[in-house]
1. Looking at the range 32-62 only, could you name the residues that are under 17 Å from the mean Cα position of the chain (by Cα) and more than 18 Å from residue 15 (Cβ to Cβ)?
2. Given the options 212, 208, name the one that is at pLDDT below 90 and over 30 Å from residue 125 (Cβ atoms).
3. Looking only at the range 174-225, count every residue that is hydrophobic (A, V, I, L, M, F, W, C) and over 15 Å from residue 148 (Cβ atoms) and tell me the total.
4. When you check residue 160 against the structure, is it among the aliphatic types (A, V, I, L, M), at pLDDT 95 or above, within 22 Å of residue 16 (Cα to Cα) and out of contact with any Lys or Arg (no Cβ under 9 Å at 6 or more places or on another chain), yes or no?
5. Considering only residues that are under 19 Å from residue 66 (Cα atoms) and open to solvent by 40 Å² or more (accessible area, probe 1.4 Å), which ones fall in the range 118-141?
6. Take the residues in the range 106-141 that are outside any helix (DSSP H, G or I) and over 14 Å from the mean Cα position of the chain (by Cα); name whichever of them is nearest to residue 245 (Cα to Cα).
7. Suppose we filter 105, 91 for residues that are out of contact with any Cys (no Cβ under 9 Å at 6 or more places or on another chain), open to solvent by 20 Å² or more (accessible area, probe 1.4 Å) and on the phi < 0 side of the Ramachandran plot; which single one remains?
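The values are calculated or read from the model by the stated rules, or taken from the named source; none is laboratory data. Here the structure is a predicted model, which means the values were calculated and not measured. Here the Cβ positions follow ideal geometry from the backbone for every residue, glycine too, while neighbour counts run over all protein chains shown. With ligands, DNA and RNA removed, areas are computed over all heavy atoms of the protein, side chains included. Shrake-Rupley method; radii C 1.70, N 1.55, O 1.52, S 1.80 Å.
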Amino acid sequence: MTARVALVTGGASGIGREICLALARDGRQVAVADIQEDAAAATAAAITDAGGNAISVRMDVTSTSSVQDAYLEVVDRLGAVEILVNAAGWDKFMKFVETDEDFWDKIIDLNFKGMLRTTHICVPPMIAAGWGRIVNISSDAGRVGSSLEAVYSGAKGGTIAFSKTLAREVARKGVTVNVVCPGPTDTPLLTEIAEANADSDRVIGAMANATAMKRLGTAEEVAPAVVYFGSEAASFTTGQTLSVSGGLTMA
């Protein structure tokens, strides 16, 4: 049997990159989709160098035409997309009263509508095939809120609600939809966000202290949850939200 094809958005770095590597180790063919073309190619090369099968594709999840073009390229080169992981995301620490509509639009377009675009094109063929896995990367910010991340938290909360609803719609079609919520995780994006804040050390320290384990997580610790939700073993698991957050939330 040909290895199932997984499409991972935001796969060039951070959590997305580790998800790509973990899925490849689990025997999946991986399409590394990202707007950072060189970094995406490097992730794909790391997989092929280790004996896996991967390609990189340029995808801007804020553009419907870019999503469509990248999707068709993946299908042409690897075959039907059977596992979709929406890991692309971005944020910036700001008090809500200091944000404006341009900022709202950027956060929502990338973190929420980007997921809608990829899911909208991937789900119909999954339904037709009678098998599919959607894994959406949200955040514990979407479960309990997070200081200086009001709009991001709202978008990530919307990701959870959307995923539960879609899970109900496709449950009898062989397609599952689940959510992984990382807590504070040591990634290049977190470093970038924190360093833009004058009190970056204090901000990072407060994040680590908020977890029961009193430390940041790693991208490698998030990836296994995605591998499970994308597996054949998760056939009776849908509409679920799993926090990988060192005990930041417990529910």
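1. 57, 58, 60, 62 - these are the residues of the range 32-62 that are under 17 Å from the mean Cα position of the chain (by Cα) and more than 18 Å from residue 15 (Cβ to Cβ).
2. Unique residue meeting the criteria: 208.
3. Within the range 174-225, the first condition is being hydrophobic (A, V, I, L, M, F, W, C), and the residues that meet it are 175, 177, 179-181, 189-190, 193-194, 196, 198, 203-204, 206-208, 210, 212-213, 216, 219, 222-223, 225.
Okay, now just the ones that are also over 15 Å from residue 148 (Cβ atoms), so 175, 177, 179-181, 208, 212-213, 216, 219, 222-223, 225.
Here the count works out to 13.
4. Numbers: among the aliphatic types (A, V, I, L, M): yes; at pLDDT 95 or above: yes; within 22 Å of residue 16 (Cα to Cα): yes; out of contact with any Lys or Arg (no Cβ under 9 Å at 6 or more places or on another chain): no.
For residue 160, the condition - among the aliphatic types (A, V, I, L, M), at pLDDT 95 or above, within 22 Å of residue 16 (Cα to Cα) and out of contact with any Lys or Arg (no Cβ under 9 Å at 6 or more places or on another chain) - is not met.
5. Going through the range 118-141, the residues under 19 Å from residue 66 (Cα atoms) turn out to be 118-125.
Hits for the range 118-141 are 120, 121, 124, 125.
6. Taking the range 106-141 and keeping what is outside any helix (DSSP H, G or I), we get 130-140.
After this cut, where a residue has to be over 14 Å from the mean Cα position of the chain (by Cα) as well, the list is 130-132.
Values: 130: 33, 131: 29, 132: 26 Å.
Out of the qualifying residues, it is 132.
7. Numbers: 91 fails: open to solvent by 20 Å² or more (accessible area, probe 1.4 Å).
Only one candidate passes the filter, namely 105.
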